[in-house]
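Following: one structure in structure tokens, then a few remarks.
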Amino acid sequence: MSDTSLPTLPGDDVRQIMWRFSDRFDLQMAVQSARGVARGTVARLVADGVRNTHEWNDEKGKLLTAFDESGLTSLYMDVEQGGFIEGPKNMAMSLVAFELSWVDAGAATGSLAGNLALAPIHEKGTDEQRRFYMGKALPPQPGEDRVPWRGAFALTEPLPFVGVDTGVVGGKAKIADWPEGGEPVLQIDKRGRFITNMDFANFVTAAVDSDDERIKGTFMVILEETDPGTFDRGAPTLKLVHQLSSTRDPVFSQQVPASRIIGGYDVVDGVIVPKFNHSEVIASVFHRTRIPVGLMTAAKLLSAVEPVIRYQRSRFHGGEAGEGSPRYDLGLQVNEDVTHRLIDVWATGEAAASVGFEAARQADIFDPVEREKDRICAEQGLTGRKQMMALRKKEPEVLEYLDLLYTDEAERDAARFADLDADILVQFALGDARANIMNPAVKLWNTGHGATMMREAVALMGGYGTTEDCPGFLPQKWMDAQLEATYEGPEAVQRRHLTLGMTSRIFRHEVDLWIRELEAQAGDGYGAKSLAAGFKLWSWTTDYLQGHNDPDGKKLYHGKRQAVTFPLADAICWLLSARSLVQDSIELKTKGAENPVLAESLDAFSSFYADLCKLQAARAAGEVSRICADLVYGFQESADEADAAEFAALREAVDRSLAGTELARDRAADALTHIMIPEALDYPA
Amino acid sequence: MPTTYQIVVCGGIVPDPLQSLEPVMGPTGPALKNEMMLPSVLDPWAWHALFEAADLAKRHPGSKVWLVSMSPKAKLQQVMMGLAQKVPFELVVVDGPASGFADAVETAAALAGAIEGIPDLDRSKLLLFGGWQSASRGTGAVLQMIGEILGIDEQFQGVDKLTVDDSGGLEILERIEAGAWQKSRCAGAPAVLGWATGELPEPPNNPQIGMQNMRGIMPALQQAKPAALSGEGLSYDSVESPKQRRETRVETEMDADAIADEIAAWLKG
Ligand SMILES: Cc1cc2nc3c(=O)[nH]c(=O)nc-3n(C[C@H](O)[C@H](O)[C@H](O)COP(=O)(O)OP(=O)(O)OC[C@H]3O[C@@H](n4cnc5c(N)ncnc54)[C@H](O)[C@@H]3O)c2cc1C
């Protein structure tokens, strides 16, 4: 029996297929743990108004205990360090951030910040540093009487130092003492601004620069609260957002052994040379931690669907319209606009989640590849420029690999594919090119456009949407989304990253292959045709901007020309997120049949998702079309006829691909008037 | 040498209580609308029984806990992702309907058969736990019948507390009328205990326990045999949910005593 009307909101069965973790029980358990904490401890704190204070307090402290007890603190640890998830943890952290942010992203930030503090040590620390600090941070095991250590990550500094620009490090390191033949002692002076976890951190990983000719350059260093000197937690940040996390402006002036330099150091001609400068450490950290932040905003958008539907439906209950009348049963949903707007919120949330989880899966694949690449390069003495050259030489093989990857398995040269698949440098170069796009794209689009769409969700609640009583904490979520767009690098930082990544030949080649793939999927009703047309237009425009100058002869595509590169970066994000949603929806249709729970309703879910995809793809292609037209025509006094004709043809293809889009919206919106929702939210509000 | 127990907890799954439950007449009899798509939880009464079982087993080292469940196995698997993190147990699955409309007699027979099939179960140490009723069927009949089939006639229902004395004797508090408890004693296992809420809080999720349990749970789910329920001998004329009446009045000035008096007066009619 198969019904075509959407029966319920998508549950875990649907999500596990779409986000590809049906066979990962460790991840499914992490989801349940995080959900329990979110809809229990966290929701009660928010409902009790605990967000209304800037100061950290005992009530907020309950979060730390809840994280420890439910395994969320140890989630980041490897199994040999006391964790329970084997291998990379990006997907796990992303799912946990998603679940916690479903209720309150401040709680998610608190849980992630501990990992952020450990991340420099985990990624670049010495074995000894890793063993010691991961061990200390592990919550006590049964029978152990021990208080776990908490950490903070201190990069940002008071004005005029580190912010978006991470190169202007004000924190300083000097040699306080260097006993003959012994370990040097460093004097570290660092001030932090907006440092999360600072109320209770027992250690801090801080970025500093040399202020001593016997130390070379910048590095990150571990400070402990009991190190001699000043460990001043500073003033609390008077946040209007994420109040369930702790944020302060600390001041450190401490002496620490040089062994606290993250990753260790060499002594060359009497100079301490850290193995990693601070930029190398933070690059490897942010490579990963920005993905869960993007998923925080995705969770909020999706979490808004149920409370908004409930509000709409019950808006006139108790009034004169009796049960059975449209006004009683459908409430506000008798008005077309309210369901149409909610569908836009929902589709945005889906696309944000799909692209976020795709990035997280890719990061899980990339982590071991990156480590193996580091090992091979160290073995072969490939560092700095030499390593870059070695990787560049691999580029033709990466392109060949991609061609094989997108060729039907039965038709491709299996032996060659296997060879390239096993070539770590090929895999690294590909993973790196993808991460350089996907990670900033997730952070940029999910949080930036997500914040805008959270406003739509709030608007749908009317006056309620501006009050503390609003079910689902929607106004708090709207404000919070703006922080997600800011910390761990504001939108400008992500756009700058994309500016560099978008011109990679590897990425551009994969875009061409996506276009081919999408064109093949064009008849399936998922909006693939719009996306293919959008990608083509974006590619053409990128080539055009790279190949043309403005009337003053200045290059159009240039890092300094943010008016060109930044909108182009925004445009690719629209396409990437819609593409991820299309692929996840096709996966649901294909794999859903294997799940007996979904058997009865798979057709209904598939058609609904196909409609969401169509809408989102059309919206994305439309944005791209508008942005590209601005860029192609806007920087010339008059257009070259041949260029204009080519461009117009590509743009027309986007327009024509919109056929049926609004009909898809009608269908999807109609589903909102039939869908069965629970009697009440499963968390206090 | 402390007494050890072999504790078998019977528990099905039910839709999460916050979901909208709409009975409908389907082609094969009554069902809940969209039941397969509603998120499920372990039946709340059995949930308490399971935590009590785990606590008892912990206090009597060498004891062991099984959870025997007749449920659609794909849905049960989802429930396990949370439940398995709570306490250690071994899962025995009968792949069948968890619906409250399935016949209690046939359900009891299927569960008794599954218990009889547990290898090396020492019946002399058996404590059969479960809810005093299910949240789906609500008959309070299944556990009693399983006990009868297994030949256990020491039966207690509505249990809130079980104490074991030094000689292994059981002291049990059962809920009776008017908010009172009845205290009973029995010499020891085997016995049937249908739990009310017990008195233990929900344990936090512990993923280490979860990973440990999962090693047995996944094979148990994969190897689950389908239940042979004929569905004959029971028919339903109609099904509907109880009518609710909600009259809300917002009172900001009344004190608690006045509110209580008014509600009491309303209850008395
Ligand atoms: C609640 C909270 C928690 C935080 N937690 C931490 C933490 O734990 N650890 C930590 O180290 N930091 C933390 N931060 C700091 C956060 O990462 C920074 O605020 C953020 O990176 C931006 O730096 P800034 O505020 O100095 O902005 P600025 O550098 O002053 O930038 C302001 C704006 O100017 C524009 N801009 C700046 N530079 C450029 C450019 N080159 N091109 C184009 N536009 C530009 C952008 O619009 C940008 O948003 C936290 C911040 C907050 C609010």
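Tell me, which residue of the range B:142-163 that is of a type outside the set (Asp, Glu) and open to solvent by 30 Å² or more (accessible area, probe 1.4 Å) is farthest from B:Lys183 (Cα to Cα)?
Within the range B:142-163, the subset of a type outside the set (Asp, Glu) is B:142-147, B:149-152, B:155-159, B:161-163.
With open to solvent by 30 Å² or more (accessible area, probe 1.4 Å) added as a condition, the list becomes B:144-145, B:149, B:151, B:155, B:157, B:161, B:163.
Values: B:Gln144: 19, B:Met145: 23, B:Ile149: 26, B:Gly151: 23, B:Gln155: 13, B:Gln157: 12, B:Lys161: 9, B:Thr163: 11 Å.
Here the answer is B:Ile149.
Evaluate the range A:513-530: report whether one residue or more is open to solvent by 20 Å² or more (accessible area, probe 1.4 Å), closer than 21 Å to A:Phe635 by Cβ and part of a helix (DSSP H, G or I).
no
If you check A:Glu594 against the conditions, is it within 14 Å of chain B (Cβ to nearest Cβ) and more than 16 Å from the ligand (Cβ to nearest atom)? Walk me through it before giving the result.
Working: within 14 Å of chain B (Cβ to nearest Cβ): yes; more than 16 Å from the ligand (Cβ to nearest atom): yes.
Against the criterion (within 14 Å of chain B (Cβ to nearest Cβ) and more than 16 Å from the ligand (Cβ to nearest atom)), A:Glu594 qualifies.
Does A:Leu474 count as farther than 27 Å from A:Val511 by Cα and touching a His at 6+ places or on another chain (Cβ under 8 Å)?
On the way: farther than 27 Å from A:Val511 by Cα: yes; touching a His at 6+ places or on another chain (Cβ under 8 Å): no.
No: the conditions fail for A:Leu474.
Quick one: would you say A:Asn549 is in contact with a strand residue (DSSP E or B) (Cβ under 7 Å, 6 or more places away or on another chain) and not basic (Lys, Arg)?
Numbers: in contact with a strand residue (DSSP E or B) (Cβ under 7 Å, 6 or more places away or on another chain): yes; not basic (Lys, Arg): yes.
Here the answer is yes, as A:Asn549 does meet what is asked.
Taking B:Ala228 as the residue in question, decide whether it is in contact with a strand residue (DSSP E or B) (Cβ under 9 Å, 6 or more places away or on another chain), at negative phi and either surrounded by 11 or more Cβ atoms within 10 Å (Cβ to Cβ) or within 12 Å of chain A (Cβ to nearest Cβ) (or both).
On the way: in contact with a strand residue (DSSP E or B) (Cβ under 9 Å, 6 or more places away or on another chain): no; at negative phi: yes; either surrounded by 11 or more Cβ atoms within 10 Å (Cβ to Cβ) or within 12 Å of chain A (Cβ to nearest Cβ) (or both): yes.
No, not satisfied.
Can you confirm whether A:Ala154 is within 13 Å of the ligand (Cβ to nearest atom) and touching a Ser or Thr at 6+ places or on another chain (Cβ under 9 Å)? Don't jump to the end; show me each part of the working.
Numbers: within 13 Å of the ligand (Cβ to nearest atom): yes; touching a Ser or Thr at 6+ places or on another chain (Cβ under 9 Å): yes.
Against the criterion (within 13 Å of the ligand (Cβ to nearest atom) and touching a Ser or Thr at 6+ places or on another chain (Cβ under 9 Å)), A:Ala154 qualifies.
Take A:Leu602 and tell me if it is assigned to a helix (DSSP H, G or I), within 14 Å of chain B (Cβ to nearest Cβ), under 26 Å from the mean Cα position of the chain (by Cα) and at pLDDT 95 or above. First the steps, then the outcome.
Numbers: assigned to a helix (DSSP H, G or I): yes; within 14 Å of chain B (Cβ to nearest Cβ): yes; under 26 Å from the mean Cα position of the chain (by Cα): no; at pLDDT 95 or above: yes.
For A:Leu602, the condition - assigned to a helix (DSSP H, G or I), within 14 Å of chain B (Cβ to nearest Cβ), under 26 Å from the mean Cα position of the chain (by Cα) and at pLDDT 95 or above - is not met.
What are the pairs with Cβ atoms under 6 angstrom where one residue, in the range A:1-29, is in the same structural domain as A:Ser580 (by TED's automatic domain parsing) and polar (S, T, N, Q) and the other, located anywhere, is crowded, with 20+ Cβ neighbours inside 10 Å and at pLDDT below 95? Sequence gap at least six, or different chains.
none
Are any residues in the range B:41-53 open to solvent by less than 20 Å² (accessible area, probe 1.4 Å) and within 14 Å of chain A (Cβ to nearest Cβ), and if so, which ones?
Hit for the range B:41-53 is B:Leu42, nothing else.
In this structure, does B:Leu127 turn out to be touching a Phe, Trp or Tyr at 6+ places or on another chain (Cβ under 8 Å) and more than 14 Å from chain A (Cβ to nearest Cβ)?
Details: touching a Phe, Trp or Tyr at 6+ places or on another chain (Cβ under 8 Å): yes; more than 14 Å from chain A (Cβ to nearest Cβ): yes.
The answer is yes for B:Leu127.
Go through the residues of the range A:579-590 one by one and say whether even a single one is out of contact with any Ser or Thr (no Cβ under 7 Å at 6 or more places or on another chain), open to solvent by 30 Å² or more (accessible area, probe 1.4 Å) and β-branched (Val, Ile, Thr).
yes
Can you find even one residue in the range A:290-311 that is β-branched (Val, Ile, Thr), closer than 30 Å to A:Gly501 by Cα, at pLDDT below 95 and part of a helix (DSSP H, G or I)?
Start the filter on the range A:290-311 by keeping residues that are β-branched (Val, Ile, Thr), which leaves A:291, A:293, A:297, A:305, A:308-309.
Going one step further and asking which of them are closer than 30 Å to A:Gly501 by Cα, we end up with A:291, A:293, A:297.
With at pLDDT below 95 added as a condition, the list becomes none.
Within the range A:290-311 (the criterion being β-branched (Val, Ile, Thr), closer than 30 Å to A:Gly501 by Cα, at pLDDT below 95 and part of a helix (DSSP H, G or I)), the answer is no, since none of the residues qualifies.
Given the conditions (1) modelled with pLDDT under 95; (2) touching a Pro at 6+ places or on another chain (Cβ under 6 Å); (3) closer than 24 Å to B:Gly216 by Cα, and given that B:Leu38 satisfies all but one, which numbered condition is not satisfied?
All conditions pass for B:Leu38, except number (3).
If we keep just the residues of the range A:162-181 that are open to solvent by 30 Å² or more (accessible area, probe 1.4 Å) and away from the ligand (no atom under 15 Å from the Cβ), which is nearest to A:Asn277 (Cα to Cα)? Reasoning before the result, please.
Of the range A:162-181, the ones open to solvent by 30 Å² or more (accessible area, probe 1.4 Å) are A:163-168, A:172, A:174, A:176-181.
Remaining after also requiring away from the ligand (no atom under 15 Å from the Cβ): A:172, A:174, A:176-181.
Working: A:Lys172: 13, A:Lys174: 16, A:Ala176: 20, A:Asp177: 22, A:Trp178: 21, A:Pro179: 24, A:Glu180: 26, A:Gly181: 24 Å.
Here the answer is A:Lys172.
So if I check each of B:Met25, B:Met70, B:Met36, which one is away from chain A (no Cβ under 11 Å), open to solvent by 40 Å² or more (accessible area, probe 1.4 Å) and closer than 24 Å to B:Val142 by Cα?
Working: B:Met70 fails: open to solvent by 40 Å² or more (accessible area, probe 1.4 Å); B:Met36 fails: away from chain A (no Cβ under 11 Å).
Unique residue meeting the criteria: B:Met25.
Collect the residues in the range A:211-260 that are within 20 Å of A:Pro148 (Cβ to Cβ), of a type in the set (Val, Ile, Thr) and assigned to a strand (DSSP E or B), keeping them in residue-number order.
The one that is within 20 Å of A:Pro148 (Cβ to Cβ), of a type in the set (Val, Ile, Thr) and assigned to a strand (DSSP E or B): A:Ile222.
Considering only the range A:197-205, I want to know if a residue exists there that is more than 10 Å from the ligand (Cβ to nearest atom), of a type in the set (D, E, K, R) and within 30 Å of A:Ala92 (Cα to Cα). Quick ask: steps written out before the conclusion?
Taking the range A:197-205 first, the residues more than 10 Å from the ligand (Cβ to nearest atom) are A:199-200, A:202-203.
Filter again for of a type in the set (D, E, K, R), leaving A:199.
Next cut, within 30 Å of A:Ala92 (Cα to Cα) only: A:199.
Checked against the condition, which is being more than 10 Å from the ligand (Cβ to nearest atom), of a type in the set (D, E, K, R) and within 30 Å of A:Ala92 (Cα to Cα), the range A:197-205 yields at least one hit.
For the range A:317-335, indicate whether the set of residues that are charged (D, E, K, R) and in contact (Cβ under 8 Å) with a residue 40 or more places away in the chain is non-empty. I'd like the intermediate steps shown before the answer.
Step one: list which residues in the range A:317-335 are charged (D, E, K, R), which gives A:320, A:323, A:327, A:329.
Right, trim to in contact (Cβ under 8 Å) with a residue 40 or more places away in the chain and you get none.
Within the range A:317-335 (the criterion being charged (D, E, K, R) and in contact (Cβ under 8 Å) with a residue 40 or more places away in the chain), the answer is no, since none of the residues qualifies.
How many of the residues making up the range A:584-599 are farther than 19 Å from B:Ser71 by Cβ and either modelled with pLDDT of 95 or more or among the polar types (S, T, N, Q) (or both)?
9
Does B:Ile146 satisfy the criteria of being more than 14 Å from chain A (Cβ to nearest Cβ) and under 14 Å from the mean Cα position of the chain (by Cα)? Talk me through it step by step, then tell me what you get.
Numbers: more than 14 Å from chain A (Cβ to nearest Cβ): yes; under 14 Å from the mean Cα position of the chain (by Cα): yes.
Taking the combined requirement at face value, the residue satisfies it.
Can you tell me which of A:Leu483, A:Leu513, A:Leu537 is under 24 Å from A:Val345 (Cα atoms) and hydrophobic (A, V, I, L, M, F, W, C)? Full working, then the answer.
Numbers: A:Leu513 fails: under 24 Å from A:Val345 (Cα atoms); A:Leu537 fails: under 24 Å from A:Val345 (Cα atoms).
When all the criteria are applied, what remains is A:Leu483.
Taking the options A:Gly465, A:Gly448, A:Gly472, A:Gly489, name whichever one is farther than 12 Å from A:Val345 by Cα, open to solvent by less than 40 Å² (accessible area, probe 1.4 Å), in a helix (DSSP H, G or I) and within 12 Å of the ligand (Cβ to nearest atom). Steps first, answer last, please.
On the way: A:Gly465 fails: within 12 Å of the ligand (Cβ to nearest atom); A:Gly472 fails: within 12 Å of the ligand (Cβ to nearest atom); A:Gly489 fails: in a helix (DSSP H, G or I).
One residue alone meets the criteria, A:Gly448.
Quick check on the range B:81-112: of everything there that is within 14 Å of chain A (Cβ to nearest Cβ), assigned to a helix (DSSP H, G or I) and more than 15 Å from the chain's Cα centre (by Cα), which residue is surrounded by the fewest Cβ atoms within 10 Å (Cβ to Cβ)?
By that ranking, first place goes to B:Gly82.
Sort through B:Pro190, B:Pro219, B:Pro207, B:Pro201 and tell me the only one that's within 12 Å of chain A (Cβ to nearest Cβ) and either among the aromatic types (Phe, Trp, Tyr) or open to solvent by 20 Å² or more (accessible area, probe 1.4 Å) (or both). Talk me through it step by step, then tell me what you get.
On the way: B:Pro190 fails: within 12 Å of chain A (Cβ to nearest Cβ); B:Pro219 fails: within 12 Å of chain A (Cβ to nearest Cβ); B:Pro207 fails: either among the aromatic types (Phe, Trp, Tyr) or open to solvent by 20 Å² or more (accessible area, probe 1.4 Å) (or both).
Going through B:Pro190, B:Pro219, B:Pro207, B:Pro201 in turn, the sole match is B:Pro201.
I'd like to check something: does the range A:134-149 contain any residue that is modelled with pLDDT of 95 or more, near the ligand (Cβ under 10 Å from one of its atoms) and open to solvent by less than 60 Å² (accessible area, probe 1.4 Å)?
No, that holds for no residue.
Of the conditions (1) open to solvent by 10 Å² or more (accessible area, probe 1.4 Å); (2) away from chain B (no Cβ under 14 Å); (3) within 16 Å of the ligand (Cβ to nearest atom), A:Gly106 satisfies every one except a single condition; which number is it?
(1)
Can A:Phe286 be described as under 30 Å from A:Gly217 (Cβ atoms), open to solvent by 10 Å² or more (accessible area, probe 1.4 Å) and not in a helix (DSSP H, G or I)? Give the steps one after another, and end with the answer.
On the way: under 30 Å from A:Gly217 (Cβ atoms): yes; open to solvent by 10 Å² or more (accessible area, probe 1.4 Å): yes; not in a helix (DSSP H, G or I): no.
For A:Phe286, the condition - under 30 Å from A:Gly217 (Cβ atoms), open to solvent by 10 Å² or more (accessible area, probe 1.4 Å) and not in a helix (DSSP H, G or I) - is not met.
Find the helices (runs of 4 or more DSSP H) located wholly in the range A:1-77 whose residues include 1 or more that are open to solvent by 40 Å² or more (accessible area, probe 1.4 Å), within 10 Å of chain B (Cβ to nearest Cβ) and within 30 Å of A:Phe200 (Cα to Cα), and list them.
Correct list: A:25-37, A:58-69.
The values are calculated or read from the model by the stated rules, or taken from the named source; none is laboratory data. Just so we're clear, the structure is a prediction, and the values are computed from it rather than from any experiment. Virtual Cβ from ideal backbone geometry, glycine too; neighbours counted across all protein chains shown. The area values use the complete protein model at the heavy-atom level, side chains included, leaving out ligands, DNA and RNA. Shrake-Rupley method; radii C 1.70, N 1.55, O 1.52, S 1.80 Å.
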